[in-house]
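Enquirer: Just passing along the structure, written as structure tokens.
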Amino acid sequence: MIRICSISGTFASRFSPSFYIPLSTIAKQSILTTISSYLGVVIGYFNLLWLLPYVLEPGQIGLFKTIQDMALLMTPFAQMGIANGITRFFPQVKAQKYSFLTFSLCSGFVGYTVLLLVFLLFKTPISAAFVEKSPEVIAYIQVALLITFLSVFNTLLEAFSRSFLKIAIPSLIRDVLLRLLMALLVIGYFLHLYSFPLMIWGIALVYLLTLTSMVFYMRQAGIFQIQFDWENIPGKLKKDFLKYNIITMLGTAGALLIMKIDSLMVSSMIGLEANAIYTIGFSIAVVIEMPRRAISQVAMPVISEKFATNRLGEINELYKKIAVNQLLVCALVFLLIWVNIDTLYHFVPNRHVYEAGRWVVLLIGLGKLSDVLFSVNGEIIVFSRFYVFNITATLLMALTVILLNLLLIPPFGIEGAALASLLAMFLYNLIKFLYVKIKLGFNPFTPGVFLVALAAALSWAVSYFLLPVFEWVIVDLVLRSGLVTGMYLTLSYWMKAAPEAESWLRSAIRRWVYRSGK
């Protein structure tokens, strides 16, 4: 057996001496997942910070992203929380796993059908929200519905694959292939191979290709079969599965609503050009949470398994280790982005338009850090017996973020939308933290968390107050990044903020030296 490291998604829990699992593949899967995540970030950065601003007008970018955000916002409602249900109930149905998969896919189809009927019923008021500031959106709502349909099944297949602890290739498909295909789609428009309307419809084709790739991979891995003998699945389990899905659907949808509604409200209340500026700023900041996303993918089946065997102490230990070690990584990413924010916008085509979103980067970045700071509280609630609480918390926060956007967008514009997201993310995480603390007695905060935050604050202060701005952009980028990284890591080491990370790094260096000397 091996220990798995939780410094980031790369090594999902190695630092916990009590956290042992008999699946050595998790470490490899976690490493590959993180590589895919950051490769996807590089491609995503190229797409949003250079390709889209170079090829498309701001209004076209706003439409391009609004359609995708609308689809992603509808997806959790359509799949009814089944993805989380697959992860939670998979340990109980391993003998009927393919019947369970088929049952889940059919349930997802029913969920999408219900969503489609509801959408058609309220199509007029939905369209009315965009008719004044962004009427172009109305002509492509069908594209959003088609993307939603494809995303539902992609999400379910990925959840099923994750239950086998096969997360690397699905992550590669989601984070890398999808973005590569989007880039090719835009390049095709740039080369005048098709019109802009056809490019928007082509977004749905991209999602179809990723779904096809997912099915092909699962068949090759021997984990995809369609079996309709649902009678082998206990009736009580199916009932509990569906009940759990409905409840977690509201939680998942509410959480995504908190993250995505700002983009749609910027489009509807200000316009598509403003959404383009907001989206680029948001996309710069979202890279901060990539390590958290990767570790969440690995942690979910582990947390589910430990709740199933009532190993609460190990979950609490994992909670703490993830908090300090993922903050160590994510805070550095945030620092490098913010101290180099002017340099990042320097390389964006038509930067005089898009650099207006620099404060969006700061506010959204702080919001993402709040997600990191509070560790895996959401995953713990979802897989505990208190999962019903997700309804209250997420629906309350979803309502809060809508009200905050309505309140803050008119006077502050896109910065108001970003501030609304920051406040909503912090309050959402605070409520979940307090609930987990009261109900389970878990607490992610150790002295190391505050020492990491102090190291980050001091490193930023030195860069801002003591380091001059160099005229050569690349020189400024290299020197500023080097100074911040060196000081941050030195302070973290000196203060012993993350001793487990230090221990793992020492061990990795010794292994490398040993292999090099052989």
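Enquirer: Tally time: how many residues in the stretch 76-107 are within 30 Å of Thr279 (Cα to Cα) and buried (at least 24 other Cβ atoms within 10 Å of the Cβ)?
Expert: Our first condition is that a residue be within 30 Å of Thr279 (Cα to Cα); within the stretch 76-107, this holds for 76-84.
Add one more test, that the residue is buried (at least 24 other Cβ atoms within 10 Å of the Cβ), and what stays is 76, 78-84.
Residues meeting the conditions: 8.
Enquirer: Test of understanding: among Leu362, Leu403, Leu408, Leu366, which residue is assigned by TED's automatic domain parsing to the domain that holds Leu312, touching a Gly at 6+ places or on another chain (Cβ under 7 Å), modelled with pLDDT of 90 or more and surrounded by fewer than 23 Cβ atoms within 10 Å (Cβ to Cβ)?
Expert: Working: Leu362 fails: touching a Gly at 6+ places or on another chain (Cβ under 7 Å); Leu403 fails: touching a Gly at 6+ places or on another chain (Cβ under 7 Å); Leu366 fails: touching a Gly at 6+ places or on another chain (Cβ under 7 Å).
The conditions single out Leu408.
Enquirer: Follow-up. Suppose we filter Lys306, Lys238 for residues that are farther than 22 Å from Leu396 by Cβ and modelled with pLDDT under 85; which single one remains? Don't jump to the end; show me each part of the working.
Expert: Numbers: Lys306 fails: modelled with pLDDT under 85.
Matching residue, one of Lys306, Lys238: Lys238.
Enquirer: While we're looking at this one, here's another question. How do the helices (runs of 4 or more DSSP H) wholly within the stretch 328-387 filter down when requiring 2 or more residues that are of a type in the set (Lys, Arg): which remain? Even if it seems obvious, please write down each step before you answer.
Expert: On the way: elements: 341-346, 351-354, 358-373, 377-383.
In the stretch 328-387, the matching helices (runs of 4 or more DSSP H) lie at 358-373.
Enquirer: So how many residues does the stretch 162-178 have that are over 18 Å from the mean Cα position of the chain (by Cα) and among the small types (Gly, Ala, Ser)?
Expert: 1
Enquirer: Return a yes/no flag: does the stretch 308-325 have any residue that is under 14 Å from the mean Cα position of the chain (by Cα), in the same structural domain as Trp338 (by TED's automatic domain parsing) and surrounded by 23 or more Cβ atoms within 10 Å (Cβ to Cβ).
Expert: Our first condition is that a residue be under 14 Å from the mean Cα position of the chain (by Cα); within the stretch 308-325, this holds for none.
No: zero hits.
Enquirer: Quick one: would you say Ala356 is modelled with pLDDT under 90 and either surrounded by fewer than 20 Cβ atoms within 10 Å (Cβ to Cβ) or in the same structural domain as Ile258 (by TED's automatic domain parsing) (or both)? If you could, list the steps in order and put the result at the bottom.
Expert: Working: modelled with pLDDT under 90: no; either surrounded by fewer than 20 Cβ atoms within 10 Å (Cβ to Cβ) or in the same structural domain as Ile258 (by TED's automatic domain parsing) (or both): yes.
So Ala356 fails the test.
Enquirer: Look at Leu177 and say whether it is within 30 Å of Asn377 (Cβ to Cβ) and touching a residue at least 12 places away in the same chain (Cβ under 8 Å). Reasoning before the result, please.
Expert: Values: within 30 Å of Asn377 (Cβ to Cβ): no; touching a residue at least 12 places away in the same chain (Cβ under 8 Å): yes.
Spelling it out, it is not the case that Leu177 is within 30 Å of Asn377 (Cβ to Cβ) and touching a residue at least 12 places away in the same chain (Cβ under 8 Å).
Enquirer: Answer yes or no: is there a residue in the stretch 449-464 that is within 18 Å of the chain's Cα centre (by Cα), assigned to a helix (DSSP H, G or I), touching a residue at least 40 places away in the same chain (Cβ under 8 Å) and crowded, with 23+ Cβ neighbours inside 10 Å.
Expert: Applying the first criterion (within 18 Å of the chain's Cα centre (by Cα)) to the stretch 449-464 yields none.
No, the stretch 449-464 contains no residue that is within 18 Å of the chain's Cα centre (by Cα), assigned to a helix (DSSP H, G or I), touching a residue at least 40 places away in the same chain (Cβ under 8 Å) and crowded, with 23+ Cβ neighbours inside 10 Å.
Enquirer: Same structure, new question: When you check Val348 against the structure, is it of a type outside the set (S, T, N, Q), outside the structural domain of Leu489 (by TED's automatic domain parsing) and crowded, with 24+ Cβ neighbours inside 10 Å, yes or no?
Expert: Values: of a type outside the set (S, T, N, Q): yes; outside the structural domain of Leu489 (by TED's automatic domain parsing): yes; crowded, with 24+ Cβ neighbours inside 10 Å: no.
Criteria not met by Val348.
Enquirer: A follow-up question, please. Can you go through Leu208, Leu193 and tell me which one is part of a loop (DSSP other than H, G, I, E, B), out of contact with any Cys (no Cβ under 6 Å at 6 or more places or on another chain) and at pLDDT 95 or above? I'd like the intermediate steps shown before the answer.
Expert: Working: Leu208 fails: part of a loop (DSSP other than H, G, I, E, B).
Testing whether each residue is part of a loop (DSSP other than H, G, I, E, B), out of contact with any Cys (no Cβ under 6 Å at 6 or more places or on another chain) and at pLDDT 95 or above leaves just Leu193.
Enquirer: Restricting the first residue to the stretch 238-253 and requiring it to be assigned to a helix (DSSP H, G or I), which pairs with a second residue that is buried (at least 16 other Cβ atoms within 10 Å of the Cβ) and of a type in the set (Gly, Ala, Ser) meet a Cβ separation below 6 Å and a spacing of at least six or different chains?
Expert: What qualifies is Phe241/Gly85; Tyr244/Gly85; Asn245/Gly81; Asn245/Gly85; Thr248/Gly81; Met249/Gly81; Thr252/Gly81.
The values are calculated or read from the model by the stated rules, or taken from the named source; none is laboratory data. Since this is a predicted model, take the numbers as computed values, not measurements. FYI the Cβ positions are ideal-geometry reconstructions off the backbone, even for glycines, and counts take in every protein chain you see.
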